[in-house]
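S.K.: Pasting a structure below so you can have a look.
The values are calculated or read from the model by the stated rules, or taken from the named source; none is laboratory data. All figures in this text were calculated on a predicted structure; none of them were measured in a lab. Using ideal geometry, Cβ is built from the backbone for each residue, glycine included, and neighbour counts are taken over all protein chains shown. With ligands, DNA and RNA removed, areas are computed over all heavy atoms of the protein, side chains included. Shrake-Rupley method; radii C 1.70, N 1.55, O 1.52, S 1.80 Å.
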Amino acid sequence: MNIPELLSRLGLDQHHLVSTSEPAGQDWISTESPSTGQPIAWVRLSDRVNYEAAINSAVDRFSSWRMVPAPRRGEIVRQIGLALRERVEPLGELVSLEMGKIRAEGIGEIQECIDICDFALGLSRQLYGMTTHSERPQHRMYEQWHPLGPIGIITAFNFPAAVWAWNAMIAAVCGDTMIWKPSLLTPLTSLALHETVESVMRAHDLEGVFELVIGTDEQIGEPMIRDKRLPLISATGSCRMGRHVGEVVASRLGRSLLELGGNNALIVCNDADLDLAVRAVVFGAVGTSGQRCTTTRRLFVQRGVNEEITTRLIRAYETVLPRIGDPIDPQTIMGPVIHARAVEAMMNAIELAKSQGGELLFGGNRLDRPGHFVEPTIIRANSSMPIVHEETFAPILYVIEFDDLEAVLAQHNDAEQGLSSAIFTDSVRRAERFLSHAGSDCGIANVNIGTSGAEIGGAFGGEKDTGGGRESGSDAWKTYMRRQTCTINWGSELPLAQGIEFG
């Protein structure tokens, strides 16, 4: 890839925050390609002065943005979607270059940003309230939804574009302004997205709706989560990070929308379509090099088909090996993990699994080449192994045999997180059992579909240590607004509720 040309296409070569040669000073960080381990560019860090300027801009703009009619706000978001469409390929390639996901996934992530713009456009005419009947005569009672205020958005490296868009586009049509703190591992993607969005906002003299600050936790993250001017903090990341954010925001009685980890499981019953199941497992476990929050990490296979599924998976993984490499190459189907620490974490998890009784069936090695490449790994395991209950952000799949659906549902739910889940079966009874109150305890539950690859129309999120938040579709928009109950007395009397007589 011609990196200077790519940065030029996205307008980053002229950006005062970006340098393609190593600058002097402490206020710059390098962003590296996980495919090579080499710097792509250097990005200037924001400090608390920059943060104050950004939050003041967001606060000032909120007073006017909230008064713009919601359908008009939707029209602005529609234009943002058009601007993203014009840059979908270079933006997607930048995601691949900086984060390491294959080109198809990188472009798909930008397409997800476009899709949520379309969704938000329709939503801008559907911010419905509800009317209800008052118990008092000649009274009308209803509820309505108001913009909440400037909100803080904290995103992780693995989806450096889409998760921001899920929050930002919905918040924008709801009348909120926002301030975004992206991962320091993917700052170029955030700058390129921000520049694309700002090109639309400048055309309408609407700067300040979308603010961006790239900085450390000390300079940006901590002030953000403690700032009472931000009534909502939406944070995506590790469970450890989420606990801290949730505690700090709760201490000031703010709102948190937390999207944290997922130790996701997929169940294959002996009546399943094995062709479908294998394809779903391979993408779920190998896609994005195992670095999705919805990655398939535990595979429960019923005894009657366990050996066949395992054999098929090994054959499929064998076809993946020669296609591990440069994520920009269209032939590549698995890129690198994000950095050397991720490689070490994976190697340590594999050794722990073996020491706890796991059997290595495939992979298990780092690849001897520049960059942070590993082999996708399959380990025969059991649910009593402690490592199976940990989320290693890498392409490790634990295969666990089971006999009884009721017993395996208990094992399935025996995870600290509760994000995504799936079952493969042709039995209506088994499928409905999995989806029942006594079935999967996850926020996402699929039948004959893998754990990974959620659509923007459904609310995305999970339970337990996953944080309980919901982003994107359905009625997730309510998180970004404040509810108000209104009662109007159009009569000449003043009756009290509950029949109270006073006076």
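S.K.: Amide H to amide H under 5 Å from Trp28: which residues, 5+ apart in sequence or cross-chain, H placed 1.01 Å off N in plane?
M.R.: Hits under the 5 Å cutoff: Leu45.
S.K.: Which value in deg cm²/dmol, rounded to the nearest 500, describes the helix-derived mean residue ellipticity at 222 nm for the chain, given -39,500 (n - 2.57) per DSSP H run of n ≥ 4 and division by the residue count?
M.R.: Values: 14 runs with 186 residues, N = 503.
Calculated mean residue ellipticity at 222 nm is -12000 deg cm²/dmol.
S.K.: Provide, for the chain, the number of lysine pairs with alpha carbons under 30 Å apart, each pair being eight or more places apart or on different chains.
M.R.: Taking the Cα cut-off of 30 Å, the pair count is 10.
S.K.: With no solvent and one point per C-alpha, what does the Debye sum give as log10 I(q)/I(0) for the stretch 1-68 at q = 0.11, 0.25, 0.29 Å⁻¹?
M.R.: -0.42, -1.07, -1.22
S.K.: What order, most packed first, do the peptides 184-191, 95-102 have when packing is the mean number of other Cβ atoms within 10 Å of each residue? If you can, show how the numbers build up before the last one.
M.R.: Values: 184-191: 24.0, 95-102: 28.1.
Most protected by this proxy first, the peptides run 95-102, 184-191.
S.K.: Can you give the Rg/Rh ratio of the stretch 224-355, where Rg is from the C-alpha atoms and Rh is the Kirkwood radius? Display every interim value, and only then the final one.
M.R.: Values: Rg = 19.3 Å, Rh = 17.7 Å.
The Rg/Rh ratio comes out at 1.09.
S.K.: How big is the dipole moment of the stretch 233-343 about its Cα centre under a simple scheme where the beta carbon of each Lys and Arg is +1, that of each Asp and Glu is -1, and everything else is neutral? Debye, nearest 20, please.
M.R.: On the way: 13 positive and 10 negative charges, 116 e Å.
Value, rounded to 20: 560 debye.
S.K.: Carbon-plus-sulfur fraction of the accessible area of the chain, 1.4 Å probe, in percent?
M.R.: It is 50 percent, rounded to a whole number.
S.K.: Right, here's the next one. Just to be sure I understand the model, the point goes 7 Å from the Cα along the line to the Cβ. What's the resulting Ser492 to Glu218 distance in nm?
M.R.: Between Ser492 and Glu218, the simple spin-label model gives 7.2 nm.
S.K.: Moving to a separate point now. Place a +1 charge on the Cβ of each Lys and Arg in the chain and a -1 charge on the Cβ of each Asp and Glu, then give the dipole magnitude about the Cα centre in debye, rounded to the nearest 20.
M.R.: Values: 45 positive and 63 negative charges, 183 e Å.
The calculated dipole for the chain is roughly 880 debye.
S.K.: As an exercise, find the ratio Rg/Rh for the chain from alpha-carbon atoms, using the Kirkwood inverse-distance average for Rh.
M.R.: 1.01
S.K.: P(r) for the stretch 24-128: what percent of alpha-carbon pairs falls in each 10 Å bin, starting at zero?
M.R.: Result returned by the calculation: 14, 25, 32, 25, 5, 0.
S.K.: Any idea of the accessible area per residue across the chain, 1.4 Å probe, to the nearest Å²? If you can, show how the numbers build up before the last one.
M.R.: Values: 21170 Å² over 503 residues.
Solvent-accessible surface per residue comes out at 42 Å².
S.K.: Apply the Karplus curve 6.51 cos²θ - 1.76 cosθ + 1.60, θ = phi - 60°, to the phi angles in the stretch 270-281 and return the couplings in whole Hz, x for Gly and Pro.
M.R.: Per-residue couplings from phi come out as 6, 9, 6, 6, 5, 4, 4, 4, 4, 4, 5, 5 Hz.
S.K.: Quick one: how many Å² of Trp477 are accessible to a 1.4 Å probe, rounded to 10?
M.R.: 20 Å²
S.K.: Residue by residue through the stretch 214-221, what is 3J(HN,Hα) from phi via Karplus (6.51 cos²θ - 1.76 cosθ + 1.60, θ = phi - 60°)? Round to whole Hz and write x for glycine and proline.
M.R.: So the Karplus estimates, Gly and Pro as x, are 9, x, 6, 4, 5, 7, 10, x Hz.
S.K.: Now, a different point. At 7 Å along the Cα-to-beta-carbon direction for both Glu247 and Thr20, put a label point, then send me their distance in nm to one decimal.
M.R.: Distance between label points: 4.6 nm.
S.K.: Return the Rg/Rh value of the stretch 54-95, two decimal places, where both radii are evaluated on C-alpha atoms and Rh is the Kirkwood radius.
M.R.: So for the stretch 54-95, dividing Rg by the Kirkwood Rh gives 1.15.
S.K.: If you don't mind, there's one more thing I want to ask. Packing-wise, with mean Cβ within 10 Å as the measure, how do 49-56, 491-498, 448-455 rank, highest first?
M.R.: 448-455, 49-56, 491-498
S.K.: Taking only the alpha carbons of the stretch 177-239, what extent do you get along each of the three principal axes, in Å, biggest first?
M.R.: The principal-axis extents, from largest down, are 38, 27, 19 Å.
S.K.: Compute the convex hull volume of the Cα atoms of the stretch 158-281, divide it by the residue count, and report the result per residue in Å³ as a whole number.
M.R.: Cα-based convex hull of the stretch 158-281, divided per residue, equals 163 Å³.
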